[in-house]
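Have a look at the structure below before the remarks.
The values are calculated or read from the model by the stated rules, or taken from the named source; none is laboratory data. Quick caveat: nothing in here was measured; it's all calculated off a predicted structure. In this analysis, Cβ positions are derived from the backbone assuming ideal geometry, glycine residues included, and neighbour counts consider all displayed protein chains. Ligands, DNA and RNA are excluded from the accessible area calculation, which covers all protein heavy atoms including side chains. Shrake-Rupley method; radii C 1.70, N 1.55, O 1.52, S 1.80 Å.
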Amino acid sequence: MNKLFAIIVFVGVPFVLIGAFLNWPEMIMFFLCCVSIIGLSGYIGRATESLAIVSGPRVGGLLNATFGNAVELIISIFTLKAGMVGIVLASLTGSVLGNLLLVLGLSFFAGGIKFKRQKFSVHSARYNSGLLIFAVIVAFVIPEVFSMTMNPEKTLSLSIGIAIILIALYLAGLFFKLVTHRGVFSSTEEQENDTEKEIPEWTKGKSILILLLATVVVAFVSEQLVHTFEMLGSTFGWSELFIGVIIVAIVGNAAEHVSAITMAVKNKMEVSVEIAVGSTLQVAMFVAPILVLVSLFMPQSMALVFTWPELVAMITAALLVINVSNDGESNWFEGLTLFAAYLIMGIGFYLL
Amino acid sequence: MNKLFAIIVFVGVPFVLIGAFLNWPEMIMFFLCCVSIIGLSGYIGRATESLAIVSGPRVGGLLNATFGNAVELIISIFTLKAGMVGIVLASLTGSVLGNLLLVLGLSFFAGGIKFKRQKFSVHSARYNSGLLIFAVIVAFVIPEVFSMTMNPEKTLSLSIGIAIILIALYLAGLFFKLVTHRGVFSSTEEQENDTEKEIPEWTKGKSILILLLATVVVAFVSEQLVHTFEMLGSTFGWSELFIGVIIVAIVGNAAEHVSAITMAVKNKMEVSVEIAVGSTLQVAMFVAPILVLVSLFMPQSMALVFTWPELVAMITAALLVINVSNDGESNWFEGLTLFAAYLIMGIGFYLL
Amino acid sequence: MNKLFAIIVFVGVPFVLIGAFLNWPEMIMFFLCCVSIIGLSGYIGRATESLAIVSGPRVGGLLNATFGNAVELIISIFTLKAGMVGIVLASLTGSVLGNLLLVLGLSFFAGGIKFKRQKFSVHSARYNSGLLIFAVIVAFVIPEVFSMTMNPEKTLSLSIGIAIILIALYLAGLFFKLVTHRGVFSSTEEQENDTEKEIPEWTKGKSILILLLATVVVAFVSEQLVHTFEMLGSTFGWSELFIGVIIVAIVGNAAEHVSAITMAVKNKMEVSVEIAVGSTLQVAMFVAPILVLVSLFMPQSMALVFTWPELVAMITAALLVINVSNDGESNWFEGLTLFAAYLIMGIGFYLL
């Protein structure tokens, strides 16, 4: 797996560079950028992981919680810079749907094929489901409904207020999980296993260097990627929504998808759920509000107002996942149900 | 009970026949058809039950899962043939509401009057609630919201896609319940009781004969019934919605209603819940999508787009039932709550 | 605490009286009325408590369940009399949001700072969450959605029907909790503690006298308060919604807020939850429907149709609280989550 990522990066990135200078056709550039970003995400993930281990659990948790969706944040900032607010909101939606339905669905399914029942912490599931309702159902629905009878200026004020509250609660949640209620979330068995394996892949210095380098390269490639979005729309007839919800979201999260499913097959369902749902919460409570705040310095500011199809897809996905995961158990059929929901939404966004 | 059904059928059906030839007033025909269908449903139910026992648990489960709502399917096909798409969607809604709120409510209430607390499998409740959210909240809401910004052609494509996914997941669910996770759902006590009683009422041949005969007669009576719908509207001032949601749904499900409540009073709450919620899932995941596909060969095709009152009634009913049943326990007050919700919706559809 | 209430009442009420005769500026009157009502609520609460103890648990429960929101009912009736239907609906919304998010949030937070985990009865949580879904999601949503395609007359008929069903189910719920399923809800430990402390503060006669007196004075002060609402709008630019949802709701429920939080800090989370959620249910299932019925004799009748922001705020609040409290445990972070949701909604209503 790691070798594959290395090949992808060391072949893909130079080609993106050459292509950018020679103005290669956007079709080819789109493909090269996507592949390179997936490879680079793998490096960022491994560097973060190594750094997290050497920094101890608290700082490590914080690192994972902030760098976990770095790639997505970078792509979104360049998309914002290009003034494509609609694609940013769509890709946030796509991240939420992709993590909740596609990643969790495939993890439950792949794991469930091998094991009859897989368990994960009920405490963690409850913490996650409370925040899912808070973020997706309270914080995303309120501006949507209230903005219907508000002028755009007030809608933006409301969005800024909500963004600050989301970030504050996200940080408080980290404090809760890593400090005041540490150890409540993972089963003891899990913890022991983890301590045995905690050997970092890279040293502290090497990790930081790779993290910085990969981030810079991702930023460059993302900028190239964003330029190809308009072409995608005109060539394939794909809508902004479909590009954001399905394409950008899958590219931006591919590395996480692979590791979540790998963990599920190893019966470490605890980790799979943490990657999938944790990443969703990070997108909804950290990446999305930061983008709202960043957009204030951009040509076009972004209110936290999704389209109705996006919002309804996220709400229904959240309700489905909460219901399916609340008992701390999974099986292949629950995975298939989540995947089927993703399929329905995918068809919907494609036809829209 | 069985004698009553026999009298109803052997008196009612000939009268429907005579009435159809002599063009009796529609008022009388409506009453005769309703009564005959209720009686015939009883026969279909018993024939399916007998066949299920002789065929063993797997094929039996499959039989129950496909013939359980045969009557409803037949009435709906004739209604589709008459081009009354609105009534078909309304009767699907009515089936969902009737099963979830009326049948389950009366079962909980009647059982709860005799027993302080009644228990049923938590696993089964969770399986059901996951699929309820999938069917009612994901699969029904998505086309509703997405169709607001889609042309009718794309809406129909989306409906067809969702219909296929619903049927596929329904079949996968049967495979899950009957093959890979058999035995997980019913408590061991229940299973032992069941094996003792498994004596079929009729032989295999007799069951198949009765099933075929009753189905043909139901088809004939249904066609007569559908002809009376227009009169109902003009005579009583009932809307299409009210006829579908309340009248057709009660007639089409009467036989199941009786057996669910009977089981609850015998403290076999497991079976009651299975009849009520299982039948809801069958309607939502099997009957409804099949009708969408069948409608493609009919004068007017049917997209899976309900009216907002119908959709909202189903969503709120599903959320209420999931919340009330998730603990695997019931009492009379929970039953009354479900019944009160049905009453509110009934008044709403009557006034609409 | 009690001394403070005494000072407030015996200083505040005479000033309101003098102000009313001398036509003091509405700004000052608004402040005086609010303070006096908070003080008087304290007296009504203590008188009800004393009466409840001497009357035994059943009649006591009934007393608490009917007089618990007496102050709110009185303010609302005077607001109805002044024809401000919008403010009444807004203050009902505010009561629901205030109790569910602010009171419960602060209770969980304050209690959670002192204790790592606090427990309360799971049975009680389930009973409450079932009724929350029934009241807020079924009984409030149905008229909202159905009224979109109904004339105002039919909407009022539907509201009256729902009001009667809500009151009937509320009374049935009391019968369930106090008679048929008494003892199921509180843990045995709790019950023993309670029996020790059950010494009424005042005698039966004194309690009734204080209850009557305080109610009459609240009525008088409420009438003065209602007159100041128009000024609030024009002076501060506050909307009807904000006055109702935030200001009236906080004044009308202040006494309960204090006692819920006090109980949480004493680790009697059972009582806190009962005050917060019990009060919500009382408002939704008893106060709101009674106001609908009372409004029929008023200049302007009140249908049970909220504005969309009000309804959506209540629905999302209910879903969040149900999810957070369903496990019968609380911690400071859950409290903070509820409080953050209140803050988001408060900003929303302020900007609206």
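Would you check which residues across segment C:115-133 are touching a residue at least 40 places away in the same chain (Cβ under 8 Å), under 25 Å from C:Phe176 (Cβ atoms) and not polar (S, T, N, Q) and list them? Don't jump to the end; show me each part of the working.
Residues of segment C:115-133 touching a residue at least 40 places away in the same chain (Cβ under 8 Å): C:115-129, C:131-133.
Pick out the ones that are also under 25 Å from C:Phe176 (Cβ atoms) and you get C:119-129, C:131-133.
C:Lys119, C:Phe120, C:Val122, C:His123, C:Ala125, C:Arg126, C:Tyr127, C:Leu131, C:Leu132, C:Ile133, listed by residue number.
Among the conditions (1) modelled with pLDDT of 85 or more; (2) more than 16 Å from the chain's Cα centre (by Cα); (3) part of a helix (DSSP H, G or I); (4) of a type outside the set (S, T, N, Q), C:Leu4 misses just one, which is (1). Among the criteria (1) free of Cβ contacts under 8 Å to residues at least 24 places away in the same chain; (2) open to solvent by less than 10 Å² (accessible area, probe 1.4 Å), the one C:Ser50 does not fulfil is (1). I'd like the full set of residues that are open to solvent by 40 Å² or more (accessible area, probe 1.4 Å) and of a type in the set (S, T, N, Q), limited to segment B:18-38. Within segment B:18-38, just B:Asn23 meets the criteria. If you go through segment B:284-303 and keep only what is of a type in the set (A, V, I, L, M) and farther than 14 Å from B:Phe134 by Cβ, you end up with B:Val287, B:Ile290, B:Leu291, B:Val292, B:Leu293, B:Val294, B:Leu296, B:Met298, B:Met302, B:Ala303.
Do the conditions hold for A:Gly39, that is, is it within 16 Å of the chain's Cα centre (by Cα), within 30 Å of A:Ser239 (Cβ to Cβ) and not aliphatic (A, V, I, L, M)? Can you show your working first?
Values: within 16 Å of the chain's Cα centre (by Cα): yes; within 30 Å of A:Ser239 (Cβ to Cβ): yes; not aliphatic (A, V, I, L, M): yes.
Spelling it out, A:Gly39 is indeed within 16 Å of the chain's Cα centre (by Cα), within 30 Å of A:Ser239 (Cβ to Cβ) and not aliphatic (A, V, I, L, M).
Pairs linking a residue in segment A:55-81 that is open to solvent by 50 Å² or more (accessible area, probe 1.4 Å) to a residue that is of a type in the set (D, E, K, R), with Cβ atoms under 9 Å and 6 or more positions apart or on different chains, are A:Pro57/A:Arg182; A:Arg58/A:Arg182; A:Asn64/A:Glu49; A:Lys81/A:Glu223.
Within segment C:48-154, considering only helices (runs of 4 or more DSSP H) that don't extend past its boundaries, which have at least 2 residues that are away from chain B (no Cβ under 14 Å) and in contact with a strand residue (DSSP E or B) (Cβ under 8 Å, 6 or more places away or on another chain)? Please lay out each step first, then the result.
On the way: elements: C:56-67, C:70-81, C:85-97, C:104-114, C:122-132, C:141-146.
Answer list for segment C:48-154: C:104-114.
For segment B:193-219, a residue qualifies if it is within 12 Å of B:Ile53 (Cα to Cα), modelled with pLDDT of 80 or more and open to solvent by 100 Å² or more (accessible area, probe 1.4 Å), and the qualifying residues are B:Ile199, B:Lys204.
Annotation note: of C:Leu320, C:Leu281, the sole residue that is within 27 Å of A:Ile142 (Cα to Cα) and at pLDDT 95 or above is C:Leu320.
Looking at B:Ile246, B:Ile261, which is the one that is touching a Ser or Thr at 6+ places or on another chain (Cβ under 7 Å), among the β-branched types (Val, Ile, Thr) and more than 9 Å from chain C (Cβ to nearest Cβ)? Walk me through how you get there before you give the answer.
On the way: B:Ile246 fails: touching a Ser or Thr at 6+ places or on another chain (Cβ under 7 Å).
From the options B:Ile246, B:Ile261, the qualifying one is B:Ile261.
Only one entry of B:Phe15, B:Phe10 meets the criterion of being in contact (Cβ under 8 Å) with a residue 12 or more places away in the chain and open to solvent by 50 Å² or more (accessible area, probe 1.4 Å), and that entry is B:Phe15. Of all residues in segment B:323-352, those being more than 7 Å from every other protein chain (Cβ to nearest Cβ) and either touching a Pro at 6+ places or on another chain (Cβ under 6 Å) or open to solvent by less than 20 Å² (accessible area, probe 1.4 Å) (or both) number 7. Taking each residue of segment B:152-166 that is without any contact (Cβ under 8 Å) to a residue 24 or more places away in the chain and looking for partners that are among the hydroxyl-bearing types (Ser, Thr, Tyr) and surrounded by 21 or more Cβ atoms within 10 Å (Cβ to Cβ) with beta-carbon atoms closer than 6 Å, six or more apart or interchain, yields nothing.
Yes/no per residue for (1) in contact (Cβ under 8 Å) with a residue 24 or more places away in the chain; (2) outside any helix (DSSP H, G or I); (3) aromatic (Phe, Trp, Tyr); (4) open to solvent by 30 Å² or more (accessible area, probe 1.4 Å):
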site: B:Phe242; (1), (2), (3), (4): yes, no, yes, no
site: B:Met263; (1), (2), (3), (4): yes, no, no, yes
site: B:Val271; (1), (2), (3), (4): no, no, no, yes
site: B:Gly278; (1), (2), (3), (4): yes, no, no, no
site: B:Val294; (1), (2), (3), (4): yes, no, no, yes
site: B:Ser301; (1), (2), (3), (4): yes, yes, no, yes
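Filtered by the rule that a residue be closer than 21 Å to A:Ile322 by Cα and open to solvent by 30 Å² or more (accessible area, probe 1.4 Å), segment A:244-261 gives A:Glu256, A:Ile261. Candidates in segment A:116-140 are the residues that are touching a helix residue (DSSP H, G or I) at 6+ places or on another chain (Cβ under 7 Å) and surrounded by fewer than 21 Cβ atoms within 10 Å (Cβ to Cβ); of these, the one that is farthest from A:Lys266 (Cα to Cα) is A:Ser121.
Which residues, counting only those in segment B:156-169, are more than 7 Å from every other protein chain (Cβ to nearest Cβ) and buried (at least 21 other Cβ atoms within 10 Å of the Cβ)? Across segment B:156-169, the qualifying residues are B:Leu156, B:Ser159, B:Ala163, B:Leu166.
Regarding segment B:83-97, can at least one residue be identified that is of a type in the set (A, V, I, L, M, F, W, C), over 30 Å from B:Asn326 (Cα atoms) and open to solvent by 10 Å² or more (accessible area, probe 1.4 Å)? Looking through segment B:83-97, at least one residue is of a type in the set (A, V, I, L, M, F, W, C), over 30 Å from B:Asn326 (Cα atoms) and open to solvent by 10 Å² or more (accessible area, probe 1.4 Å). Under 19 Å from A:Glu72 (Cβ atoms) and within 14 Å of chain B (Cβ to nearest Cβ) - does that describe any residue in segment A:272-290? No: zero hits. Does A:Ile315 meet the test of being in a helix (DSSP H, G or I), at pLDDT below 95 and at the interface with chain B (Cβ under 10 Å from one of its Cβ atoms)? No, not satisfied. The single condition among (1) at pLDDT 90 or above; (2) among the hydrophobic types (A, V, I, L, M, F, W, C); (3) in contact with a Phe, Trp or Tyr (Cβ under 9 Å, 6 or more places away or on another chain) that A:Ile87 does not satisfy is (1). When B:Ser41 is tested against (1) without any contact (Cβ under 8 Å) to a residue 60 or more places away in the chain; (2) crowded, with 21+ Cβ neighbours inside 10 Å, exactly one condition is not met: (1).
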